[in-house]
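Each remark here refers to the structure printed beneath this line.
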Amino acid sequence: MRSSLQLLLRSGLALALSCPLAGQTASFSLQPAAAVTGEGVHLAQLVAADADAKLPHLRVADAPAVGQSLLLTRDQVAALLQKSAPELVPTNWTGSAQVRVTRRTRQLGESELKELLTNALQREHVRQRGELELAFPRAWSPVTVPDEPFTLRLLDVPASGVSGNLIVRFELRGPRETFGPWSVVTQARVWREVLVTTAPLKRGQPLTEADAARERRDVLTLRDTLETLPRVETELELTENLPAGVPLTARSFRIRPLVFRGQTLEALVQDGALQISTKVEVLEDGLPGQLVRVRNSQSRREFRGKVHNENTILIQL
């Protein structure tokens, strides 16, 4: 008990008197118990004064750790006051012979933990990919935490990031203390509205907006999903067969070329102010404005030309 008192006496005791009390005496009633926060133990939490005395906002000790308690007798409280606020002299003690000081605590349940974990993983890992949803395959046993503000800090997440099944280690951090760590097994889903096919689609057929609709899907295991179709000068065409109800990805289609390999088209060859028209064979598919290889039908010489439209290639010498 002596070591506890010495620890209290060495602690940073701060006096903030709400009004002058010099020369006043007081009658204190010691409470049997007091519940405090991590900010510390204050006089007004330990005693009740008579009606004529106004208690100062006086910090008398450090708060005990969560799950532990601190016992203070009347003499110990009086000794702390004699050193910290000698002008406040209790002349009469009533109430309990000692006060047991504990921390204010509450239970951290599954729903609150799930919300804290979801917010942290969403902010640090999922970000804009979609809306994270977590489920606990095993029930979480509530743990005792201080009844005061704290934040959840992720300690260990798999290197691959959030997946369908993962184990997350975390701790809780308050203004002055850290609690944990704990581990929890979670199942995750990431929801986002994406385009899915409305009917079976065949490879090579044009893809239109009527062929897809937006639905909310779990995209955690999907890649390159789309929320809208790109706007292009030509058509989109399927690169694979797709059944109805599957998400469209960027690999499912391509922009339909404007010119195709093997076509014979008109080529405009420009050399300064000189312009010559000739026939060329297209050697590769090409989009509007794209450079493609072509071959002169007579000389068999190869050039690179820009696709102007479905009938014309522009060649600069």
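In table form, for the structure just shown:
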quantity: Spin-label pair residue 153/residue 221, simplified geometry with 7 Å Cα→Cβ offset, distance in nm; calculated: 3.5 nm
quantity: Ellipticity estimate at 222 nm from DSSP helix runs (n ≥ 4, -39,500 (n - 2.57)) divided over the chain, nearest 500; calculated: -3000 deg cm²/dmol
quantity: The chain - percent relative contact order, Cα under 8 Å, separation 6 or more; calculated: 10 percent
quantity: Computed lengthening from residue 160 to residue 33, 0.36 nm per intervening residue step minus Cα-Cα distance; calculated: 40.7 nm
quantity: Mean Cβ count within 10 Å, highest first, over the residues of peptides 149-155, 34-40; calculated: 34-40, 149-155
quantity: The stretch 186-247 - percent relative contact order, Cα under 8 Å, separation 6 or more; calculated: 50 percent
quantity: FRET efficiency, 1/(1 + (r/R0)^6) with R0 30 Å, evaluated for residue 144 and residue 48 via beta carbons; calculated: 0.60
quantity: Fraction of beta bridges assigned by DSSP in the chain that are antiparallel (%, nearest 5); calculated: 80 percent
quantity: Distance in nm between pseudo-label sites at residue 183 and residue 277 (7 Å out along the Cβ direction from Cα); calculated: 7.7 nm
quantity: Cut-off 14 Å (backbone N to label point 7 Å along Cα→Cβ of residue 306), residues of the stretch 278-294; calculated: 287-292
quantity: Gained length - residue 314 relative to residue 124, 0.36 nm times residue gap less alpha-carbon distance; calculated: 63.4 nm
quantity: For the chain, alpha-carbon Rg and Dmax in angstrom; calculated: 38.2, 120
quantity: Span from the the stretch 126-147 Cα centroid across to the the stretch 86-100 one, whole angstrom; calculated: 47 Å
quantity: Among 223, 300, 127: highest mean-square fluctuation, GNM of the chain, C-alpha pairs under 10 Å; calculated: 300
quantity: Relative contact order %, the stretch 90-194, counting alpha carbon pairs below 8 Å whose residues are six or more apart; calculated: 28 percent
quantity: Compactness index (Cα Rg / 2.2 N^0.38 Å), the stretch 249-317; calculated: 1.16
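Every number in this text was worked out from the coordinates using simple rules, so none of it is lab data. What you are looking at is a predicted structure, and each value in this text was computed from that prediction instead of being measured. Glycine gets a Cβ as well: all are built from the backbone with ideal geometry, and neighbour counts include every protein chain shown.
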